[in-house]
Ligand SMILES: *Cc1c(COP(=O)(O)O)cnc(C)c1O
């Protein structure tokens, strides 16, 4: 038998095994492929039935580290371009380890003033970084999806109140569907949040004037007039296929004119505010009622972290507070001693503020601006390489940190290109030197690498182009 109590003096040697593994692992990230071969068999070593007899911490952690450092997808390295995946800065990772060391429960001020006050501090810092008014309320969430749930729950309370209903107490029964309007740039997670909130994912109406999804302002204006004062607009800052953004100012004008709630999805696009080169894209966000951003993407803190900001702080407590458990009652609306579990969907929660605090303290506004601008440069460089390659086609202007392109060798007819690019996507993922999968854009199968990892350089983008062309040449049918 191995009772954890018997190992109470052995915690430190076991942690030391992790730090010993960390050095070689982190050093390998810059050069190794995104995945090693044989991961399936290796992971198998960790499966099987629940052990009757424990093998002890040393043996278990040794096994986890040996398999994990090989079988993990090395997505925190510089060449994981699929989806929008950040890494973890050195300070953020150390902050995350410190979070585990201290093991704070971050919901109640009483349980950890440290966690609560640092959450308040980092939310202030993030509002400053993003150019949001200091008066906004906010809460850390596990992800942008949960930040949508948070911001749209606040919107739902506001909207139901306009129909004379306290939705927190009585639910949605008897209410009409909540009108939610967006452009074709809307991310699937907004629909997921509406689905979770009981608003229904299909109630979202898209107003697009072209097949790239750009917003049809006139049509939205007309639809808003029909539901005056009772609609939610979702504006998108940074779309995953091309990095494109809605005109936030114009949508803020519409919201103002029609008394609508404006929610902004800035999961990664919010970081446009950090550089004078892209800050114009984020202009107008300060007029939003709720704003979503992600920490585990462009901020480069470890999974999982998102942020929700809401103009009217009281709306968060209205949507998430007062559950009627006597032992959890908090001082009402105490601005100093904040119980963050009354401001968001979680109850017990991780002290996500610590890694954010560490990385912002370590690198500051300047360091983050430098990183964002390096990514803008790498994206522009990749766009140029694509544009000048005879067998690659740039599908949209390079915006922010996303480059949308497809493989198009001369002589292959249009109707064969989707299938060719899908096969190339599979070959690229199997190859593993660089990682970029396909997406569908205007009916075409495309690659859409996103560059948000703090380690990524122009050389990594060059390797992406080389590998795509090399694998493509092997696949492409001979031109006629
Ligand atoms: C990634 C992303 C989301 C969802 O973020 P999660 O952190 O995965 O929940 C939402 N919107 C946009 C634009 C994104 O890029």
### Complete set of residues in the stretch 176-205 that are over 22 Å from the mean Cα position of the chain (by Cα), on the phi < 0 side of the Ramachandran plot and either surrounded by fewer than 17 Cβ atoms within 10 Å (Cβ to Cβ) or part of a strand (DSSP E or B) (or both)
176, 177, 202, 203, 205
### Evaluation of residue 88 against (1) over 15 Å from residue 266 (Cα atoms); (2) assigned to a helix (DSSP H, G or I) (one fails), failing number
(2)
### Message
For the stretch 114-149, give me the residue count where each residue is closer than 21 Å to residue 278 by Cβ, surrounded by 19 or more Cβ atoms within 10 Å (Cβ to Cβ) and out of contact with any strand residue (DSSP E or B) (no Cβ under 8 Å at 6 or more places or on another chain).
### Response
1
### Message
Of the conditions (1) exposed (fewer than 15 other Cβ atoms within 10 Å of the Cβ); (2) touching a residue at least 60 places away in the same chain (Cβ under 8 Å), residue 29 satisfies every one except a single condition; which number is it?
### Response
(1)
### Task
Would you be able to say whether some residue in the stretch 64-73 is outside any helix (DSSP H, G or I) and modelled with pLDDT of 95 or more?
yes
### Task
Tell me which residues, restricted to the stretch 138-156, are assigned to a helix (DSSP H, G or I) and more than 9 Å from the ligand (Cβ to nearest atom).
149, 150, 151, 152, 153, 154, 155, 156
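Yes or no, residue by residue, for (1) outside the structural domain of residue 308 (by TED's automatic domain parsing); (2) over 30 Å from residue 433 (Cα atoms):
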| position | (1), (2) |
| --- | --- |
| 48 | yes, yes |
| 51 | yes, yes |
| 57 | yes, yes |
| 68 | yes, no |
| 80 | yes, no |
| 108 | no, yes |
| 115 | no, yes |
### Query
Just one of the numbered conditions (1) farther than 28 Å from residue 28 by Cβ; (2) modelled with pLDDT of 95 or more is not true of residue 359; which one?
(1)
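Every residue, every condition in (1) part of a loop (DSSP other than H, G, I, E, B); (2) near the ligand (Cβ under 9 Å from one of its atoms); (3) over 21 Å from residue 194 (Cβ atoms), yes or no:
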{"residue": "239", "(1), (2), (3)": "yes, yes, no"}
{"residue": "242", "(1), (2), (3)": "yes, no, yes"}
{"residue": "262", "(1), (2), (3)": "no, no, no"}
{"residue": "280", "(1), (2), (3)": "no, no, yes"}
{"residue": "298", "(1), (2), (3)": "yes, no, yes"}
#### Entry: Some residue of the stretch 213-225 being away from the ligand (no atom under 14 Å from the Cβ), assigned to a loop (DSSP other than H, G, I, E, B) and over 21 Å from the mean Cα position of the chain (by Cα)
yes
### Query
Out of all the residues in the stretch 421-435, is one or more crowded, with 16+ Cβ neighbours inside 10 Å, assigned to a loop (DSSP other than H, G, I, E, B) and in contact with a helix residue (DSSP H, G or I) (Cβ under 7 Å, 6 or more places away or on another chain)?
yes
### Message
As an exercise: evaluate residue 99 against (1) within 28 Å of residue 46 (Cβ to Cβ); (2) buried (at least 24 other Cβ atoms within 10 Å of the Cβ) and give the number of the one condition it does not meet.
### Response
(2)
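The values are calculated or read from the model by the stated rules, or taken from the named source; none is laboratory data. All values derive from a computational prediction rather than experimental measurement. Backbone-built Cβ (ideal geometry, glycine too); neighbour counts: all protein chains shown.
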